[in-house]
1. Can you give me the Rg/Rh ratio for segment 337-409, using Cα atoms for both radii and the Kirkwood formula for Rh?
2. What is the sum of charges, Lys and Arg at +1 and Asp and Glu at -1, for the other residues whose Cβ falls under 15 Å from the Cβ of Lys62?
3. Whole-Hz Karplus ³J(HN,Hα) for segment 304-311, in order, using 6.51 cos²θ - 1.76 cosθ + 1.60 and θ = phi - 60°, x for Gly and Pro?
4. Net charge near Lys456, counting Lys/Arg +1 and Asp/Glu -1 over other residues with Cβ under 12 Å of its Cβ?
5. Within segment 300-348, which GluC sites (Glu not before Pro) sit in a loop by DSSP and count at most 11 neighbouring Cβ atoms inside 10 Å?
6. Using θ = phi - 60° and the Karplus relation 6.51 cos²θ - 1.76 cosθ + 1.60, list the HN-Hα couplings for segment 165-177 in order, rounded to whole Hz, with x at every Gly or Pro.
7. Within a Cβ distance under 13 Å of Leu210, other residues only, what is the Lys/Arg minus Asp/Glu net charge?
8. Each residue of segment 102-112 in order: what ³J(HN,Hα) in whole Hz does its phi give by Karplus 6.51 cos²θ - 1.76 cosθ + 1.60, θ = phi - 60°, with x for Gly and Pro?
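No value in this document is a laboratory result; all are computed from the given coordinates. All of these numbers come straight from a predicted model, not from anything done at the bench. In this analysis, Cβ positions are derived from the backbone assuming ideal geometry, glycine residues included, and neighbour counts consider all displayed protein chains.
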Amino acid sequence: MKYATILKIVSPFLLILALLPPTLVQTGCANIVPPMGGPRDSLPPRLTKVNPHDSAINFSGKKIVFEFDEFVQVENAQENLLVSPVPKINPIVDAKLRTVTVTVKDTLQPNTTYSIDFGNAIKDINEGNVLKNFTYLFSTGETLDSLSLAGKVIIAESGKTDSTLIVMLHSSTDDSAVIKEKPRYIARVDKDGNFTFSNLPSGSFAMFALKDEGGQRRYLSNSQLFAFADERVSPSTTPTPITLYAYLEKEEEDTAKAKKPTAPAVKPARKNDKQEPRLKLETNLSNNEQDLLNKFEMRFETPIKYFDSTKVILTSEKFEPLSNYHFTKDTSNKKVTLTYNWTENTAYNLIVDKDFAEDTAGSKIARTDTVAFRTKKQSDYGLVRLRIIGLDFSRNPVLQFVQGEEVKFAYPMTNREFYAKLFAPGEYDLRILYDDNKNNVWDPGSFFKDRHQPEKVQPISRKLNVKANWDNIVDITLTK
């Protein structure tokens, strides 16, 4: 072929290549761009088939096979799985591709309705979407039991709920069964505190709720949230809701450790004193300021065996001795409280003699020292006036101001109005404690000793934000 002819053929292709974008004609390794994907899969696995079928009767097999529309996995099966009635030996749960197989290891009881609640165990492999509230039902008899029980679990001390609790039914009439035996039936508590038992037989049961520790499903210690029904309960077709109040029996707590010291009151020993053990003393001052609403506190790391109040002197800023103050030592011998009618925005001195106190090891402070501090101003506080409608005064209501989970202030209510000219600024949750024994604090219940319920607390949905140098006036209506 002649050169001119070849040129005529090739030239148009060269022209096309010249017009293409540079990135399409470069040589070498190319970056492969994956195709754009669709929306993220947010749907849980869907059950397509189960053998035997759900709500089967005359069940006598050992395996139940579930098939889903996508690949699935099973996580923490023994923690998530709730089988009722509770077996002596839990079934084995295996997942393979789109199939979940439950192998029954326990001997099934005749004429009994069983339910298997998978909790959050089943999820898809790709996105981890959980198949929630998935329950399988079968009966070894001719019919399915159809009675039920329902109710709510409330944390007595706070009025809140806890979705990690479980509710249990025991057939035994022995109070120790909740310690020694597995329950007959178990139900989960949802985020709102509600629970439901379905497909129950007729009869009566002791009802408990607790924080399950390690899947034991038994009462293990008084450090475990626990609740009980006053009387045995009986399932029905239209059950009356049952409310359980969970409580935690509190250990006796050393009052000196309950509050973390905030500021040192005495200087550390000099280097030439370091070989001698010294009594460690701290105060509750914050930034060397005394709260007008609190007493002055001296806190010791070790118990003191004696305290001489004549060797601790409160003076004015000019070191003029004051009067009408007194000291109180607490039962732990680790705290001494100074009570005085403080004047706002005023400087004081506390002179502490080196021999004012001695601990059980014979240690004293390094030397006589002076603590200089000033009281806060009234403008550092806010005025609070609350009008609360719906209080039941026959139940001895106490208004609680809460920060975090700690009750900062508590005031018995004798009428519907609370008033404080000086109140510490901050955001507070409000609660009403119904104080049965009128001691101004919440008291837990006791099941094994004398079967009495804990005191109840009603939370108030509205928060209170107290601002300094401000009149904080709020109207509150309690809901039933």
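1. 1.18
2. Charge balance near Lys62 sits at 0.
3. 9, 8, 8, 9, 10, 5, 6, 9
4. Net local charge, Lys456 excluded: -4.
5. Here the GluC sites (Glu not before Pro) that fit, given the DSSP loop and packing criteria, are Glu317.
6. 7, 10, 10, 10, 10, 10, 6, 5, 9, 7, 4, 6, 4
7. So the surrounding residues net to +1.
8. 10, 10, 6, 9, 9, 7, 6, 7, x, 6, 10
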